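Let me begin by presenting the structure, written as structure tokens, before commenting on it.
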């Protein structure tokens, strides 16, 4: 009887963990498609989709989109990157023909290479 009780307890725990994982997977996949940066998102896609938010945060010198952009661009210090973007806002965001133009401007700007 003791072994049957242990097996039932183990089965119940296993079923509970599986159910929780299933719920987490569903909620994670539905929420992350809206707003999280996934590793397979390219810098160009990110900038195209979030250009307005990036520009607004660049004017302030901080924000989650700038931190994410820094990470996507391989910058080691997202906060320094954001401050440098603010300092050079006019040079980066002036005369932008398409959102991805800012990527080339950031990469060409020596101050931002340190970010």
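The values are calculated or read from the model by the stated rules, or taken from the named source; none is laboratory data. In this text the structure is predicted, and so the values were computed from the model without any measurement. Every residue, glycine as well, gets a Cβ built from its backbone with ideal geometry; the counts of neighbours run over all protein chains shown.
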>> Looking only at the range 63-90, count every residue that is farther than 18 Å from residue 108 by Cα and either surrounded by fewer than 15 Cβ atoms within 10 Å (Cβ to Cβ) or not assigned by TED's automatic domain parsing to the domain that holds residue 109 (or both) and tell me the total.
In response: 2
>> Given the options 16, 98, 76, 29, name the one that is part of a helix (DSSP H, G or I) and at pLDDT 60 or above.
In response: 16
